[in-house]
Amino acid sequence: MNNAVKCPVCNQGDLIEGEKGYMCNHFKNLEDKCSFMIFKSYFGKEMTPELISQLVVSKETVFFDDLITKGNKRFSAKLIIENGVVKPSFQNKMLDSPCPICGKKVHVLSKAFICEGAFNKDCDLYINKNVASVVLSDYDAEVLLNGSSTAYRNDFLSSNNKLFGAKLFLDNEYQVKFNYEIGKCPKCLTGSVSVNNWAYGCSNFKNHIKCDFTVWREIFGKKITPVEFLGLCQNGRSEITKFKSSKNEEYTGFYQFDKDFKLVIVKSS
Ligand SMILES: [Zn+2]
Ligand SMILES: [Zn+2]
Ligand SMILES: [Zn+2]
């Protein structure tokens, strides 16, 4: 290796090339030393400078399917750094969808989805799995790579610890972005409906259209989830459900929009 590589375990020493591999040179005394080492090959795989830099930067390599055991059997694994040592890990896979930037394969790592080309800097597609405390599934990543939005969900956690709802999509620079729109406004038909702590409201509320479409998140003693809200907009009414009258008597019915897009209950007989 031409340039000194910082030790990923102690972050103090440099990895120095020796006969068998690259050893951390951090040694102050017997208590304060580091014995991290990357061997020159693992299971028949030669550790090229690219592989070493993958391992040091990401604490893991791409998935190999041509590793050889001591008993000369082929097996598939990636190399990871765990508890200060390099060892194989067997849970890597690849997504079906190719990288939208360069067309190469996209690997599923423990903390991210990353394009094969990203390790040698040919490509910079890197999607962190953790987005505002939500862990993206492989399916979510496929959806994003295909240029679509993920389904709306309401368990994102903001940096000041507030839950919020959104869909995710990749912007023009292939960065994950939030879209807070649940759906189009059924009243003005042009605004986007998003939700805050109390209500679903239209984005045209503030501008010249002054759309006053509002649906409380809790109404008639019911909480309306974003999924139910979407159904309400699509079908114009809710599912049949139970209500309690002011005299505490139960009855069944549904709620729907009236002509002003206010919610009203319709009793079912
Ligand atoms: Zn070290
Ligand atoms: Zn790529
Ligand atoms: Zn509207």
- Computed [θ] at 222 nm, helices only, for the chain once each DSSP H run of length n ≥ 4 contributes -39500 (n - 2.57): -3000 deg cm²/dmol
- Message: Please compute the per residue accessible area over region 1-119 with all protein chains in place, 1.4 Å probe, rounded to a whole number of Å².
- Response: 59 Å²
- Pop out the carbon and sulfur fraction of the accessible area of region 183-267 as a percent, whole number, probe 1.4 Å. 53 percent
- Are any of the pairs Lys20/Lys87; Lys162/Lys244; Lys206/Lys262; Lys129/Lys222 more than 22 Å apart by Cα-Cα distance, and if so, which? Lys162/Lys244; Lys129/Lys222
- Under the Debye formula (equal points on every Cα, no solvent term), log10 I(q)/I(0) of region 183-267 at q = 0.17, 0.21, 0.24, 0.26 Å⁻¹: -0.68, -0.98, -1.21, -1.36
- Find me the longest stretch of the chain that has none of the exposed GluC sites (Glu not before Pro), where exposed means in a DSSP loop (not H, G, I, E or B) with at most 15 other Cβ atoms within 10 Å. 32-172
- Item | Tilt relative to the chain, helix 49-58 - C-alpha long axis, 0 to 90 degrees, to 10 | 40 degrees
- Task: Starting at the first residue of region 240-257, write each ³J(HN,Hα) from the Karplus equation 6.51 cos²θ - 1.76 cosθ + 1.60 with θ = phi - 60°, in whole Hz, x for Gly and Pro.
- Result: 5, 8, 9, 10, 10, 6, 5, 8, 6, 8, 7, 8, 9, x, 9, 10, 8, 7
- Item | Residue of Leu163, Leu51, Leu30 that the Gaussian network model of the chain assigns the largest fluctuation, springs spanning Cα pairs under 10 Å | Leu30
- Message: I want to verify a result. In a Gaussian network model of the chain, Cα cutoff 10 Å, which of these has the top mean-square fluctuation: Phe43, Phe113, Phe178?
- Response: Phe43
- May I have the pair-distance distribution P(r) for region 1-106, computed from all Cα-Cα distances with 5 Å bins from 0 and rounded to whole percent? 2, 11, 20, 21, 17, 13, 9, 4, 1, 1, 0
- Shape of region 147-226, Cα gyration tensor, a/c cut at 1.5: oblate
- Task: Compare Pro49, Pro100, Pro88 in a GNM of the chain, Cα atoms joined below 10 Å, and give the one with the largest fluctuation.
- Result: Pro49
- region 131-198 and region 236-266: distance between their alpha carbon centers, rounded to Å: 29 Å
- Length gain on complete extension for the stretch Lys28 to Ser76, per 0.36 nm per residue less the alpha carbon to alpha carbon distance? 13.4 nm
- Quick one: helix 226-235 against the long Cα principal axis of the chain, what's the angle to the nearest 10°, folded into 0 to 90? 50 degrees
- Note on the structure: Taking only Cα atoms of region 7-64, the Rg to Rh ratio with Kirkwood Rh works out at 1.00
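What per residue convex hull volume, in Å³, comes out for the chain when only alpha-carbon positions are used?
234 Å³
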- Task: Under a cut-off of 12 Å between alpha-carbon atoms, report the aspartates and glutamates in cross-link reach of Lys78, not counting same-chain residues fewer than 8 places apart.
- Result: Glu60, Asp65, Asp66
- Message: Output needed: Cys residues of the chain lacking any neighbouring Cys C-beta below 4.7 Å, sorted by number.
- Response: Cys233
- How much FRET efficiency would the formula 1/(1 + (r/R0)^6) give for Ser245 and Trp198, where r is the Cβ-Cβ distance and R0 is 22 Å, rounded to 0.05? 0.35
- Between His208 and Lys87, what is the FRET efficiency for a Förster distance of 41 Å, r being their Cβ-Cβ separation, to the nearest 0.05? 0.05
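The values are calculated or read from the model by the stated rules, or taken from the named source; none is laboratory data. Here the structure is a predicted model, which means the values were calculated and not measured. FYI the Cβ positions are ideal-geometry reconstructions off the backbone, even for glycines, and counts take in every protein chain you see. Calculation scope for accessible area: heavy atoms of the full protein, side chains included, ligands and nucleic acids excluded. Shrake-Rupley method; radii C 1.70, N 1.55, O 1.52, S 1.80 Å.
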